[in-house]
1. For Trp206 and Lys235 in the same chain, what is the full-extension length gain: residue separation times 0.36 nm, less their Cα-Cα distance, in nm?
2. Quick check for you: which residues of the range 126-148 have the amide N under 20 Å from the point 7 Å beyond the Cα of Arg71 toward its beta carbon?
3. State the number of lysine pairs found in the chain whose Cα atoms come within less than 18 Å, restricting to pairs 8 or more positions apart or on distinct chains.
4. Going by average Cβ density within 10 Å per residue, which order do the peptides 158-169, 225-236 take, highest to lowest?
5. For the chain, what relative contact order do you get, as a whole percent, if you take Cα pairs closer than 8 Å and at least 6 residues apart?
6. What residues have an amide H closer than 5 Å to that of His56, excluding those fewer than 5 places away on the same chain, when H is modeled at 1.01 Å from N in the peptide plane?
7. DSSP beta bridges in the chain, what fraction antiparallel, as a percent rounded to 5?
8. Would you please give the residues with an amide H less than 5 Å from that of Thr230, counting only those at least 5 places away or on a separate chain, with H modeled from the backbone geometry?
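Please treat every number below as a calculation from the coordinates, not as lab data. Predicted model only: the values in this text are computed from it and were never measured. Because the Cβ atoms are built from the backbone with ideal geometry, glycine has one as well, and the counts that use them run over all protein chains shown.
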Amino acid sequence: MRDLTGKRILITGAGRGLGREFARTFAAAGCEVIVTDIAADRVAETVSLLHDAGGHAAGYVMDVTDPQSVRAVRHQILSDRGPIDLLLNNAGIVFAGAFEDVSLERHLSTYQINLLGLITVTHAFLPDLMRQPEGHVINMASASGYIPLPFAATYASTKWAVIGFSESLAEELRLSGKGHVRVTTVCPSYIATGMFAGVTLPRFSWFLTPERVAKLTLRAVQRNLDVVRTPWFVKITPLAKALFPRPVFRWFCDWQNVSTGMTSWRGLAATKPLVEAHSLANLPAGRISPAVSEPSSV
Ligand SMILES: NC(=O)c1ccc[n+]([C@@H]2O[C@H](COP(=O)([O-])OP(=O)(O)OC[C@H]3O[C@@H](n4cnc5c(N)ncnc54)[C@H](O)[C@@H]3O)[C@@H](O)[C@H]2O)c1
């Protein structure tokens, strides 16, 4: 989708972190941004940031794990604004620790948000994308979708599944004459949002900035690319995994600190209150900001 001017993009989990940066980047490229998140206050904050920067934005509270909430928000958006052109499935959580020490509830909620939520939202909005002259689905996976990530097995496996889902859906759309809807899968290593605070980074790597990942994703959408892999070592990971015998690849992951990197994770402090508080609050789906703001003179 070369020209994004006036295109309507819905972003899940856009209340903070990478989702908020995606919102900024796509708004700056001329998109009308539909900010959604489970946390109402964060939706309002992101919308107000976009308005202050002169962007077009509206916000809706949407829990990706609740099909009723997703259907209600879609209905509301169709009546307030019209169909979307792009869908960016960004909402996600992580819980690290030895598999048996992390509660089953947390393992299951990782699946509900990272995978089932992504499928629920895609299922609801894909028909709208198909009716547009051009449509685009962008799915947030991760570098951990290509490798084993010990001490975050459920998180990594949701991302393996997201990659499989995205690539399969892309081919299905192409084969069924709906190739005007493209799919891009985004697979970055660690990003400085706080989600992975405390992890031991792989050798010769650094925390990516949300700005960099958002910029690469925008460029991939404009060029209709299938995948974003960043930084350099993520680009070679699928090939290295296919070429090297398992013991060699295992040695490499151990040497790179990938195998044990999650043992020092302390991102839970940021994740726990948000997810658990909001699921308990049982927030109704609803609008935060019905009006698309006119660009300000700033
Ligand atoms: N941060 C990283 O290092 C990194 C690396 C690779 C991939 N990713 C992926 O990028 C995405 C964004 O990560 P982030 O670092 O910005 O995380 P974050 O925790 O800063 O933001 C996640 C957002 O998702 C929202 N959310 C949580 N549950 C939700 C639900 N049920 N419904 C709707 N929204 C919900 C949260 O409110 C929050 O605003 C995730 O899918 C993550 O797996 C992150």
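1. Full extension from Trp206 to Lys235 adds 8.9 nm.
2. Flagged as within label range: 126-130.
3. Count of close lysine pairs: 4.
4. Numbers: 158-169: 19.5, 225-236: 16.7.
The most tightly packed comes first, giving 158-169, 225-236.
5. On the way: 579 pairs, mean separation 71.5, N = 298.
The normalised contact order for the chain reaches 24 percent.
6. Val33
7. Percentage antiparallel, nearest 5: 10.
8. Placed amide hydrogens put Cys187, Ser189 under 5 Å from Thr230.
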